[in-house]
1. Condition first: more than 15 Å from I227 (Cα to Cα) and either buried (at least 17 other Cβ atoms within 10 Å of the Cβ) or among the acidic types (D, E) (or both). Now tell me which residues in segment 11-31 satisfy that.
2. Would you mind telling me which numbered condition in (1) in contact with a Lys or Arg (Cβ under 9 Å, 6 or more places away or on another chain); (2) of a type in the set (A, V, I, L, M, F, W, C); (3) assigned to a strand (DSSP E or B); (4) closer than 12 Å to I37 by Cβ V228 fails?
3. Taking the criterion of being in contact with a Phe, Trp or Tyr (Cβ under 9 Å, 6 or more places away or on another chain), more than 30 Å from A184 (Cα to Cα) and not hydroxyl-bearing (S, T, Y), would at least one residue in segment 84-94 satisfy it?
4. Within segment 30-37, does at least one residue satisfy the condition of being farther than 17 Å from G221 by Cβ and within 16 Å of ligand 2 (Cβ to nearest atom)?
5. Of all residues in segment 20-35, count the ones that are within 8 Å of ligand 1 (Cβ to nearest atom) and β-branched (V, I, T).
6. Name the residue that is farthest from ligand 1 (Cβ to nearest atom), counting only residues in segment 194-230 that are over 29 Å from A158 (Cβ atoms) and either surrounded by 16 or more Cβ atoms within 10 Å (Cβ to Cβ) or not hydrophobic (A, V, I, L, M, F, W, C) (or both).
7. Kindly indicate whether any position in segment 164-184 is closer than 24 Å to L6 by Cβ and part of a helix (DSSP H, G or I).
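Read the figures in this text as sums done on the coordinates, not as results from a lab. Model, not experiment: these values are computed from the prediction. All Cβ positions, even for glycine, are placed from backbone atoms using ideal geometry, and neighbour counts span all protein chains on display.
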Amino acid sequence: MGAALLRIDELTKTFGKNTAVDRATIQVDRPMMIGIIGRSGAGKSTLLRMLNRLTDHTSGQVVFEGRDVTALKGAEKRAWQADCAMIFQQFNLVPRMDVVSNVLHGTLNKRSTLASLFNLFPEADIHRAIDILDRLGIAEHAPKRAEALSGGQQQRVAIARALMQDPKIILADEPIASLDPMNAQIVMDALRRIHEEDGRTVIANLHTLDTARRYCDRVIGMLHGRIVFDGTPEQLTTGVARDIYGADASFSEEATSTEIGALNRTTRPAPIPA
Ligand SMILES: Nc1ncnc2c1ncn2[C@@H]1O[C@H](COP(=O)(O)OP(=O)(O)OP(=O)(O)O)[C@@H](O)[C@H]1O
Ligand SMILES: [Mg+2]
């Protein structure tokens, strides 16, 4: 077997008698954008959380660049967590803190306790934080409290905080589930651009089929903890989608669709307006 970038091997998580993730096996050979779909309870969040060690796995392995990251402890584990930054549906910002400080928190695990305690950030980091915010089109909001921003802007702050860690992988758990279609598009375009321009791998749990199809190079479908589909958007036919979401369910394209399509996205993500 060749050296894969990321190899998830028979990864399993059980909660009591419930198997949340059942022997998930995924190989990623090069940086790409991957969407994970499946109905509620399929195991999507648990899979992502095991990847960056927020949740301990029950069995199996995650090997990144030849290293078993499920075995890492202490500082090495924290370094891995910086390498695979996570963003969440609810942004997880500190609401009353200003935007740039929220972004700078992405460097916290690399700084001394004393510096963290006094909120002392190196000037170079501050400049970098502003540059990242600028790249995401929200530099003008840097001094504002995070809570004063719209949901889409807050999610871009969360992406900026993730980028501050210079991660190799960005894990996104339903990054657009709380956003309106316009902001959903801006956030997905930003993630796509980060993948294309920086060569970072993006793995996103997505609650809608059309977003996965539109933005991802590869789509993984989960059902009852198992991976039941792994292929290109073209291979993800309506029949396959019906299997992923469950044949019994009242599956419809509409039920798993946002309105991003209506916003007329071009084949390439549009530049983010300044
Ligand atoms: N901390 C926990 N303790 C016990 N069971 C859990 C825990 N976290 C998840 N589960 C169970 O594991 C299974 C998978 O949950 P998970 O949150 O990974 O699904 P999901 O695909 O992300 O669903 P959703 O689309 O609703 O976010 C579910 O049966 C869930 O109840
Ligand atoms: Mg989830």
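1. Correct list: D29, P31.
2. Looking at each condition in turn, V228 falls short on (1).
3. no
4. Checking segment 30-37: not a single residue is farther than 17 Å from G221 by Cβ and within 16 Å of ligand 2 (Cβ to nearest atom).
5. 1
6. R226
7. Yes: segment 164-184 contains one or more residues that are closer than 24 Å to L6 by Cβ and part of a helix (DSSP H, G or I).
Okay, residues lined up against (1) of a type in the set (K, R); (2) in contact (Cβ under 8 Å) with a residue 60 or more places away in the chain:
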{"position": "D180", "(1), (2)": "no, no"}
{"position": "L191", "(1), (2)": "no, yes"}
{"position": "T201", "(1), (2)": "no, yes"}
{"position": "R218", "(1), (2)": "yes, yes"}
